[in-house]
């Protein structure tokens, strides 16, 4: 079985737009998805990217066009100016890691975290919001939130970020198949083609 390393942060609108599509592709192609939450701003720093408000005005305007285009193409709701953006995604990201380390499937929780910020105008940095999202997806919230603050989870968060940087992902979401990086949810078709064809990975340099 092929494995897709899925690098994301719960704050990313593009990760939200590609989340369900990625899971559908993995199911159809018989691939496993390995969830890898990443410290998004550390990844930006490593690759010369900057947070949204530091980007040139033309890039900020173009981003809004892209979000509308993909919102329509994916047929997903998405608020272009959510009330709690940017918010610190650390607790949500680490809660997904804690779920994984406890043997849980974090996919539905991650999707609900995306929707919390990009659809429902909720603050994903608020522990009460995160606890509600965990409980709504059938998890015992308090042990997960406590685990999200522990060294083992922080260490995995850091190693995920280092692996994303080493994979030459300029931003998020990123998908890595057999060492080949695919940056952005608009590269999901290319990822699907690689899975379906079984071709060897293209080399990086």
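The values are calculated or read from the model by the stated rules, or taken from the named source; none is laboratory data. All values reported here derive from a predicted model rather than from experimental measurement. Methodologically, a virtual Cβ is constructed for each residue, glycine included, from the backbone with ideal geometry; neighbour enumeration extends over all protein chains shown.
Output the number of the condition that residue 170 fails; it satisfies all remaining conditions of (1) assigned to a helix (DSSP H, G or I); (2) at pLDDT below 95.
Failed condition: (1).
For the stretch 173-205, how many residues are under 28 Å from residue 63 (Cβ atoms) and modelled with pLDDT of 95 or more? Let's see the steps before the verdict.
Within the stretch 173-205, the subset under 28 Å from residue 63 (Cβ atoms) is 173-177, 180-194, 202, 204.
If we keep only those that are modelled with pLDDT of 95 or more as well, we get 173-177, 180-194, 202.
Going through the stretch 173-205 one residue at a time, the tally reaches 21.
Which one of these is touching a helix residue (DSSP H, G or I) at 6+ places or on another chain (Cβ under 7 Å) and either surrounded by fewer than 19 Cβ atoms within 10 Å (Cβ to Cβ) or closer than 17 Å to residue 183 by Cβ (or both): 62, 7?
On the way: 62 fails: touching a helix residue (DSSP H, G or I) at 6+ places or on another chain (Cβ under 7 Å).
After applying the criteria, what remains is 7.
How many of the residues in the stretch 177-205 are crowded, with 17+ Cβ neighbours inside 10 Å, farther than 18 Å from residue 67 by Cβ and touching a helix residue (DSSP H, G or I) at 6+ places or on another chain (Cβ under 8 Å)?
Within the stretch 177-205, residues that are crowded, with 17+ Cβ neighbours inside 10 Å, farther than 18 Å from residue 67 by Cβ and touching a helix residue (DSSP H, G or I) at 6+ places or on another chain (Cβ under 8 Å) number 6.
Would you check if there is a residue in the stretch 45-54 being without any contact (Cβ under 8 Å) to a residue 60 or more places away in the chain, in a loop (DSSP other than H, G, I, E, B), loosely packed, with under 13 Cβ neighbours inside 10 Å and at negative phi?
Checked the stretch 45-54: at least one residue is without any contact (Cβ under 8 Å) to a residue 60 or more places away in the chain, in a loop (DSSP other than H, G, I, E, B), loosely packed, with under 13 Cβ neighbours inside 10 Å and at negative phi.
Determine whether residue 109 is surrounded by 14 or more Cβ atoms within 10 Å (Cβ to Cβ) and free of Cβ contacts under 8 Å to residues at least 60 places away in the same chain.
The answer is yes for residue 109.
Could you grab the pairs with beta carbons closer than 9 Å, sequence gap of 6+ or different chains, first residue in the stretch 21-37 and free of Cβ contacts under 8 Å to residues at least 60 places away in the same chain and at positive phi, second one part of a helix (DSSP H, G or I) and surrounded by 17 or more Cβ atoms within 10 Å (Cβ to Cβ)?
The qualifying pairs are 30/195.
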